[in-house]
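Peer 1: Shown below is the structure under consideration.
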Amino acid sequence: MSMNNQGRPTSFEKADPNRRQPVAPGTVTPEELATVSGDRGLDHEEALIFELDHGAVGVDLPDVKVGDDHLGGMRRNGRIGLPGLSEPEVIRHYVRLSRKNYAIDSGLYPLGSCTMKHNPRLNEKMARLPGFGDLHPLAPASITQGALELISQLINWLTTLTGMPAVAMSPKAGAHGELCGLLAIRAAIAARGEDRKRVLVPESAHGTNPATAAFAGFTVDEVPAKPNGHVDADALKAKLGPDVAAIMLTNPNTCGLFEGEIIDIAKAVHEAGAYFYCDGANFNAIAGKVRPGDLGIDAMHINLHKTFSTPHGGGGPGAGPVVLSARLAAYAPIPLLVASATGLRLIEDMAAAPDGAKPFGRMCAFHGQMGMFSRALTYMLSHGRDGVRQASEDAVLSANYILASLKDVMSAPFGDGPCMHEALFDDSFLEGTGVTTLDFAKAMIDEGYHPMTMYFPLVVHGAMLIEPTESESKESLDRFIHVLHTLAEEALAKKTARFAGAPHLAPRRRMDETAAARKPVLRWKPNPLKEAAE
Ligand SMILES: *Cc1c(COP(=O)(O)O)cnc(C)c1O
């Protein structure tokens, strides 16, 4: 095993224009603050793992004897090109990277619409029980009764909390659930022998809503919002007609407001022969308080990774079960969980669907995200029915506390009344201060906070959406409020120094986010030192 470090680049050899510079220009020069190692305090720089590669092997494998080749001459001759590091080096690499990450486990995560709440460790413990965590998706029902029972109990919770008769468990995220719901609606319309192509989507909707409708083969017709942040119910009703397949409404909506006219809207939608899809991403505000089935909703996804505390971020994993009304239940996709004389089993074959079931197809291989199911059910069982309700109430209370505490300095377009689980501000208070919305958000990073959701919903110019969730203590909320209040006061007093070019204290300065998205550099740079040595 080689531990030869020669030729390895150290971080300070790499000039990076985005490296952090001193906060107060003029007091200390960058040279004076530069360190020999390139690290700053206990904040380590870290190269790409390919740049760290020095051909070490982290495990000892027996040498393959010449002539011992059972692979019919297919043995690889050269190096595979994977980075070679010893085990301690691999551990350090990933621990250092993880310490650059901001996570709900390190601080308040105010991203609106994302419901970044604490993930209880009990959830993790249950998800790792070997009978759940190590289960193979093809294991026969005879040895998976416990896991199927877990799914069955979760189905019971979801249908009870929503007041809906059926749920499709397999969708792997909210957006996937939207697709599942619209495909069920498409199948129901086809079964009626009708051709309905239009889907009404409010302009305040999350971008996944129109994208899903278009992907499912519908045309999207936008419904305007009223100045008070609610969907324009009259405009919506005026758009209903024989070619409308469905509406997609978010409730509470993306402005953090409960759509009070929802029952009336549902009635009009059904009278027009259309279906009501609800984006349930904001269920954390109403779980245990309001049953969407009572509002006339036909299909709604539930982001287990938001409302029911399973971890999310960085693209996954997630789970987006879709509850279905009696009008759509028959079209739920396979697999279907059914009880039989020999116990629970999954029906995986369309032709074997029970009487009355007309599955529209299948959303994905297997039955969904078992790890998310175990975490979500653990969360439900440990909270109980009253605890789930209290979580919703506390989430709404936290958001209103933030709204009430900040609206004297930050403009809140709908701040006259209470909000649901998230507080919406906009950037009009920054007008004329020389501080931009982005400056303000980036200055939060210097204060140790992840910025809030910015520029969403699109119906509000310069939107700043803050969702504290119920899992923050009052002390944590007070500290957050104090920081934002002070930042807003400084901006209003045109004390702009800390905002210009923020963040100043993060491992990197402000990035060119457009270039990062449009021209990402995904390949590792060949190591010039190493090339010279070879
Ligand atoms: C998060 C979210 C979605 C999409 O859910 P994913 O699980 O990220 O696919 C849809 N609508 C709203 C309002 C959301 O907040």
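The values are calculated or read from the model by the stated rules, or taken from the named source; none is laboratory data. Here the structure is a predicted model, which means the values were calculated and not measured. In this analysis, Cβ positions are derived from the backbone assuming ideal geometry, glycine residues included, and neighbour counts consider all displayed protein chains. Surface areas here come from the heavy atoms of the whole protein model, side chains and all, with no ligands, DNA or RNA. Shrake-Rupley method; radii C 1.70, N 1.55, O 1.52, S 1.80 Å.
Peer 1: With all distinct Cα pairs included, what does the Kirkwood hydrodynamic radius of the range 211-338 come out to in Å, to one decimal, could you say?
Peer 2: Kirkwood radius, the range 211-338: 15.8 Å.
Peer 1: Still on this structure, I have one more. Quickly rank 55-61, 232-238 as a protection proxy: mean count of other C-beta atoms within 10 Å, highest first.
Peer 2: 232-238, 55-61
Peer 1: Beta carbons within 10 angstrom, averaged per residue: use that to sort the peptides 322-331, 400-409, 430-439, highest first. Before the final figure, lay out each step's value.
Peer 2: Working: 322-331: 22.8, 400-409: 18.2, 430-439: 16.6.
The peptides rank, most packed first, as 322-331, 400-409, 430-439.
Peer 1: For the range 104-172 and the range 437-456, what is the separation of their C-alpha centers, rounded to whole Å?
Peer 2: About 32 Å separates the Cα centre of the range 104-172 from the one of the range 437-456.
Peer 1: Now, a different point. Given the -39500 (n - 2.57) contribution per DSSP H run of 4+ residues, what per-residue ellipticity at 222 nm results for the chain, rounded to the nearest 500 deg cm²/dmol?
Peer 2: -10000 deg cm²/dmol
Peer 1: Can you pull out the chymotrypsin sites (Phe, Trp or Tyr not before Pro) in the range 423-462 that DSSP calls coil and that have at most 11 other Cβ atoms within 10 Å?
Peer 2: The qualifying sites: there are none.
Peer 1: Loop-only check: which GluC sites (Glu not before Pro) in the range 124-215 are DSSP coil with at most 15 other Cβ within 10 angstrom?
Peer 2: Loop-located and lightly packed - 194, 203.
Peer 1: Multiplying the sequence separation of residue 64 and residue 145 by 0.36 nm and subtracting their Cα-Cα distance, what value in nm do you get? Walk me through the numbers before you get to the answer.
Peer 2: On the way: separation 81, 0.36 × 81 = 29.16 nm, distance 4.34 nm.
Taking residue 64 through residue 145 to full extension adds about 24.8 nm, to one decimal.
Peer 1: For the chain, what is the accessible area per residue in Å², given a 1.4 Å probe and the full set of protein chains?
Peer 2: Here the per-residue accessible area is 49 Å².
Peer 1: Measuring from label point to label point, each 7 Å out along Cα→Cβ, what is the residue 136 to residue 511 span in nm?
Peer 2: 4.0 nm
Peer 1: Which trypsin sites (Lys or Arg not before Pro) does the range 78-176 hold that lie in a coil by DSSP with at most 11 other beta carbons within 10 Å?
Peer 2: Filter output for the range 78-176: 79.
Peer 1: If you scale each eigenvalue of the Cα gyration tensor by 5 and take the root, what three semi-axes come out for the chain, rounded to whole angstrom and sorted largest first?
Peer 2: The answer is 43, 36, 21 Å, longest axis first.
Peer 1: Taking the alpha carbon gyration tensor of the range 339-395, what are the square roots of 5 times its eigenvalues, largest first, to the nearest whole Å?
Peer 2: 32, 14, 13
Peer 1: Looking at the range 58-148, what % of the alpha carbon pairs are farther apart than 16 Å? Show your work: numbers first, answer last.
Peer 2: Values: 3205 of 4095 pairs.
The proportion of pairs with Cα distances above 16 Å equals 78 percent.
Peer 1: Once phi is turned into ³J(HN,Hα) by the Karplus curve 6.51 cos²θ - 1.76 cosθ + 1.60 with θ = phi - 60°, what whole-Hz value does each residue of the range 387-402 show in order, with x for glycine and proline?
Peer 2: Result, rounded to whole Hz: x, 5, 5, 5, 4, 4, 4, 5, 4, 5, 4, 4, 5, 5, 4, 5.
Peer 1: Right, here's the next one. With a cut-off of 8 Å between alpha carbons and a minimum separation of six or more residues, what is the relative contact order of the range 409-534 in percent?
Peer 2: Normalised by residue count, the contact order of the range 409-534 is 27 percent.
Peer 1: Tell me the relative contact order for the chain as a rounded percent, counting alpha carbon contacts under 8 Å between residues six or more apart.
Peer 2: Computed over the chain, the figure is 19 percent.
Peer 1: Can you send over the carbon and sulfur percentage of the accessible area for the chain, probe radius 1.4 Å, protein chains only?
Peer 2: 57 percent
Peer 1: While we're on this one: Quick one: what does P(r) look like for the range 326-421 with 10 Å bins over all Cα pairs, in whole %?
Peer 2: P(r) for the range 326-421, in whole percents per bin: 13, 23, 22, 21, 14, 6, 0.
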